[in-house]
1. Would you pick out the residues in region B:54-64 that are open to solvent by less than 50 Å² (accessible area, probe 1.4 Å), more than 11 Å from B:ARG111 (Cβ to Cβ) and at pLDDT below 90?
2. Of everything in region B:1-31, what is closer than 16 Å to D:ARG29 by Cβ and touching a strand residue (DSSP E or B) at 6+ places or on another chain (Cβ under 9 Å)? Give them in sequence order.
3. What are the pairs with Cβ atoms under 7 angstrom where one residue, in region C:76-90, is within 30 Å of C:GLY100 (Cβ to Cβ) and free of Cβ contacts under 8 Å to residues at least 12 places away in the same chain and the other, located anywhere, is among the β-branched types (Val, Ile, Thr) and open to solvent by less than 30 Å² (accessible area, probe 1.4 Å)? Sequence gap at least six, or different chains.
4. Determine whether A:GLY107 is within 12 Å of the chain's Cα centre (by Cα) and open to solvent by less than 60 Å² (accessible area, probe 1.4 Å).
5. Failed condition for D:THR69, given (1) at pLDDT below 95; (2) open to solvent by 20 Å² or more (accessible area, probe 1.4 Å); (3) on the phi < 0 side of the Ramachandran plot; (4) away from chain C (no Cβ under 14 Å), with all others met?
6. Out of all the residues in region C:42-52, which are assigned to a helix (DSSP H, G or I), closer than 21 Å to C:VAL92 by Cβ and open to solvent by 30 Å² or more (accessible area, probe 1.4 Å)?
7. Just one of (1) under 30 Å from B:PHE23 (Cβ atoms); (2) modelled with pLDDT of 95 or more trips up B:LYS89, so point out which.
8. I'm checking my understanding of the structure. Among residues of region D:88-104 that are out of contact with any Gly (no Cβ under 8 Å at 6 or more places or on another chain) and among the hydrophobic types (A, V, I, L, M, F, W, C), which one is most open to solvent (accessible area, probe 1.4 Å)?
There are 4 protein chains.
Amino acid sequence: MAHIATSRRKVEWGDCDPADIVFYPNYFRWFDAAAHNLFSSAGLDWADIFTRFGVIGLPLVDAGARFVTPSTYGDELIIESQVSQFHSKVLVLTHQIINGGKLAVEGTEKRVWAGRHPEDEKRLQALPIPGEIRDLLS
Amino acid sequence: MAHIATSRRKVEWGDCDPADIVFYPNYFRWFDAAAHNLFSSAGLDWADIFTRFGVIGLPLVDAGARFVTPSTYGDELIIESQVSQFHSKVLVLTHQIINGGKLAVEGTEKRVWAGRHPEDEKRLQALPIPGEIRDLLS
Amino acid sequence: MAHIATSRRKVEWGDCDPADIVFYPNYFRWFDAAAHNLFSSAGLDWADIFTRFGVIGLPLVDAGARFVTPSTYGDELIIESQVSQFHSKVLVLTHQIINGGKLAVEGTEKRVWAGRHPEDEKRLQALPIPGEIRDLLS
Amino acid sequence: MAHIATSRRKVEWGDCDPADIVFYPNYFRWFDAAAHNLFSSAGLDWADIFTRFGVIGLPLVDAGARFVTPSTYGDELIIESQVSQFHSKVLVLTHQIINGGKLAVEGTEKRVWAGRHPEDEKRLQALPIPGEIRDLLS
């Protein structure tokens with residue numbers, strides 16, 4: 001049902017550690033890029049969103065990953081991303097990394113729809129996710 | 001009760017993104033380094049462990065983080081790491097990142113004590129964690 | 001005349017620093033990936049080369065970049081790579097990063113064709129570059 | 001004669017590639033951090049400089065490194081940094097990475113003292129380096 005975005009990525013030499021497998025923090029780097037790709041594939045440009053809706057980002061409150069099988073240099077990965085849950089001010093993204101037809105890593109990112117706090121511009125304030133955003137990502 | 005290791009880290013310019021806060025995958029990079037530091041602070045050298053106990057790494061099965069407050073360029077972070085749970089072949093590490101006396105990020109890493117599979121050296125096999133390792137990290 | 005390989009890369013959020021431009025070490029990360037791509041585009045698989053020719057890598061002796069204009073989040077970069085000089089045991093790669101039709105960064109990597117030292121396997125020894133490699137990359 | 005700043009850094013697991021040595025772009029990441037450290041060790045806070053002198057950064061026009069010997073996981077590196085040349089609007093930083101008492105990498109960064117262009121705030125304009133800055137870094 002949900003809008004699903006697909007990213008592709010080839011594992012590079014510098015993504016791997018001395019054990020010859022992807023150094024795991026890189027998966028979160030790829031999740032972040034896949035989240036941006038998910039938005040832009042729905043016609044929502046990241047920078048544009050900020051201007052139009054008065055938000056200044058989608059900061060993370062939570063991120064996690066389950067590592068099923070390691071990937072290594074040269075592997076061609078497919079990352080399928082979607083919004084798996086909408087809460088009032090929070091959205092949960094799910095990313096599945098597929099390697100050779102099999103699930104290799106599954107990740108989640110819980111992000112807040114956030115603008116500047118009206119009384120303290122250094123702080124963020126969670127805001128209700130606009131219906132238009134929900135519709136485009138559902 | 002548990003052996004706790006403390007790492008220190010100053011947030012660098014290149015750790016931060018255009019929102020002027022730490023790009024979140026870097027926290028996992030720091031958790032990994034803090035895990036190594038936890039082992040070495042208990043007298044367990046990472047490379048040495050591999051040779052002595054016939055393991056070839058402590059691959060992750062799961063990692064997660066809860067982001068409480070963002071950190072920014074120049075912040076001095078303290079990372080407190082410990083093994084919070086021992087299972088038979090798995091250990092769970094907890095990392096708390098403290099910024100200015102307050103909890104900024106809390107992370108967990110679930111790692112497997114793993115050697116080469118006897119029949120297929122490309123695969124890993126979970127092994128029981130030796131008592132000596134448990135004792136040193138408890 | 002030379003064999004030229006083209007790589008494409010979209011600048012990601014996490015590639016940029018608080019000044020909203022690519023954090024410069026990332027360009028070298030991209031040069032390294034482009035070097036691998038140059039070899040594979042000539043039919044030379046990196047891992048395969050090592051096995052066939054008894055080398056264990058193409059370690060760098062020198063790398064440099066000239067930064068002409070900054071690139072920022074979302075920019076679509078084209079990287080054109082070639083071997084610009086062959087010496088007996090050393091090759092010089094040139095990478096040009098094009099952004100919006102204009103040269104943004106120009107980089108060079110000087111790499112050694114290297115095998116293990118016959119008397120000390122921890123050391124490397126520069127070896128003559130095989131004619132076949134020269135031919136494929138010229 | 002010059003003011004020299006010393007940074008220390010232990011090579012982490014995630015800094016190394018499948019060849020078991022530091023993935024070379026990381027050296028440039030360390031040069032950048034060492035440049036910041038050089039300024040702050042001279043009493044010049046990076047963010048503070050920008051406000052006080054109307055500059056918005058010290059963007060690089062050129063960076064290079066010569067790799068003498070590889071470093072590997074666990075190595076303790078010392079990085080000695082200084083301004084090796086002052087031009088009217090440009091300064092050249094030199095970084096020497098010492099591993100086990102020996103020079104491992106030598107790097108240079110050519111940086112511009114830059115403010116916003118008066119007619120186009122998206123462009124940068126090189127500005128004369130203030131005498132105070134010269135004095136503190138000499």
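The values are calculated or read from the model by the stated rules, or taken from the named source; none is laboratory data. Just so it is clear, the model here is predicted, and its values are computed rather than measured. Counting neighbours? That spans all protein chains shown, and the Cβs are built from the backbone with ideal geometry, glycine included. When the accessible area is computed, the model is the full protein with side chains, heavy atoms only, and any ligands, DNA or RNA have been set aside. Shrake-Rupley method; radii C 1.70, N 1.55, O 1.52, S 1.80 Å.
1. B:GLY54 - this is the single residue of region B:54-64 that is open to solvent by less than 50 Å² (accessible area, probe 1.4 Å), more than 11 Å from B:ARG111 (Cβ to Cβ) and at pLDDT below 90.
2. Once the filter is applied, which keeps residues that are closer than 16 Å to D:ARG29 by Cβ and touching a strand residue (DSSP E or B) at 6+ places or on another chain (Cβ under 9 Å), region B:1-31 yields B:ARG9, B:LYS10, B:VAL11, B:ASP15, B:CYS16, B:ASP17, B:VAL22, B:PHE23, B:PRO25, B:ASN26, B:TRP30.
3. Going by the 7 Å Cβ cut-off, the qualifying pairs are C:GLN85/C:VAL92.
4. yes
5. (4)
6. Across region C:42-52, the qualifying residue is only C:PHE50.
7. Tallying (1) under 30 Å from B:PHE23 (Cβ atoms); (2) modelled with pLDDT of 95 or more, B:LYS89 fails exactly one: (1).
8. So the residue we want is D:LEU103.
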